[in-house]
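Asker: Take this structure first; my questions come after.
The values are calculated or read from the model by the stated rules, or taken from the named source; none is laboratory data. The structure presented is a predicted model; accordingly, all values stated were derived computationally and were not measured. Cβ: placed from backbone, ideal geometry, glycine included. Neighbour counts: every protein chain shown. These accessible areas exclude ligands, DNA and RNA; they are computed on the full protein's heavy atoms, side chains included. Shrake-Rupley method; radii C 1.70, N 1.55, O 1.52, S 1.80 Å.
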Amino acid sequence: MEAFIGEVGLEKCPLCHYLYGLIDALGCIRCGVYFQPEKIHPETMAHENEHEQDSGRGLAVETARPEVARPPLFQVLLLNDDFTPMDFVVEVLRSFFNLDQEQAVQVMLHVHTRGRGVCGVFTREVAETKVTHVNEYSRSHQHPLLCTMEKL
């Protein structure tokens, strides 16, 4: 809807009735509704109540749907060394990655035989936090166990 207040052209949202400048707008910057504006006369605008709902003037109203991409995932890896005891690795896997005893032993043996193993797949922030906590924990217990992360 186009309305003229003084000499300034303003656009009026059909849903929240918010007025804003004509800048090739396709939607309301206040409530996020997309619409196709319809011309109205200044005299009809003066008689409208700001809290009225659209009374069938043929406005096409569509709510904005934001396009949100899934965050990239990272796998957290444990690297093998010759000095960290196997029991300590199992303890780390159970404590920080919530694996049960059997799963922790399987991952520990995989790390031991193949040089590295995946502990879990997380978003970047969670993976960074887990890597930091595991590395700090192993250093505080005087073990050289190294935890890293890789993007999938």
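Asker: Identify, from the list THR132, THR148, the residue that is of a type in the set (S, T, N, Q) and part of a helix (DSSP H, G or I).
Answerer: None of the other options fit; the residue is THR132.
Asker: I'm trying to understand the selection: among the residues of the stretch 95-135, which are more than 23 Å from the chain's Cα centre (by Cα), charged (D, E, K, R) and closer than 25 Å to PRO72 by Cα?
Answerer: ARG116
Asker: Could you check the stretch 62-84 and list, in sequence order, the residues that are in a loop (DSSP other than H, G, I, E, B) and out of contact with any helix residue (DSSP H, G or I) (no Cβ under 9 Å at 6 or more places or on another chain)?
Answerer: Those that are in a loop (DSSP other than H, G, I, E, B) and out of contact with any helix residue (DSSP H, G or I) (no Cβ under 9 Å at 6 or more places or on another chain): ALA64, ARG65, PRO66, GLU67, VAL68, ALA69, ARG70, ASP81, ASP82, PHE83.
Asker: Every residue in the stretch 56-69 that is open to solvent by 90 Å² or more (accessible area, probe 1.4 Å) and touching a strand residue (DSSP E or B) at 6+ places or on another chain (Cβ under 9 Å), please.
Answerer: Answer for the stretch 56-69, where residues must be open to solvent by 90 Å² or more (accessible area, probe 1.4 Å) and touching a strand residue (DSSP E or B) at 6+ places or on another chain (Cβ under 9 Å): GLU62, THR63.
Asker: Of these, VAL134, VAL121, VAL107, VAL92, which one is open to solvent by 40 Å² or more (accessible area, probe 1.4 Å) and aliphatic (A, V, I, L, M)? Break it down stepwise before answering.
Answerer: On the way: VAL134 fails: open to solvent by 40 Å² or more (accessible area, probe 1.4 Å); VAL107 fails: open to solvent by 40 Å² or more (accessible area, probe 1.4 Å); VAL92 fails: open to solvent by 40 Å² or more (accessible area, probe 1.4 Å).
Of VAL134, VAL121, VAL107, VAL92, the one residue that is open to solvent by 40 Å² or more (accessible area, probe 1.4 Å) and aliphatic (A, V, I, L, M) is VAL121.
Asker: Of the residues in the stretch 75-94, how many are closer than 15 Å to GLU136 by Cα and without any contact (Cβ under 8 Å) to a residue 24 or more places away in the chain?
Answerer: Residues flagged as closer than 15 Å to GLU136 by Cα and without any contact (Cβ under 8 Å) to a residue 24 or more places away in the chain within the stretch 75-94 amount to 1.
Asker: Still on this model: Which numbered condition trips up GLN75, out of (1) among the polar types (S, T, N, Q); (2) modelled with pLDDT under 95; (3) open to solvent by less than 80 Å² (accessible area, probe 1.4 Å)?
Answerer: GLN75 satisfies all of (1) among the polar types (S, T, N, Q); (2) modelled with pLDDT under 95; (3) open to solvent by less than 80 Å² (accessible area, probe 1.4 Å) except (2).
Asker: Consider only pairs whose beta carbons are under 6 Å apart and that are at least six residues apart or on different chains; among these, list those whose first residue lies in the stretch 127-152 and is touching a residue at least 40 places away in the same chain (Cβ under 8 Å) and whose second residue is among the charged types (D, E, K, R).
Answerer: PRO144/ASP81
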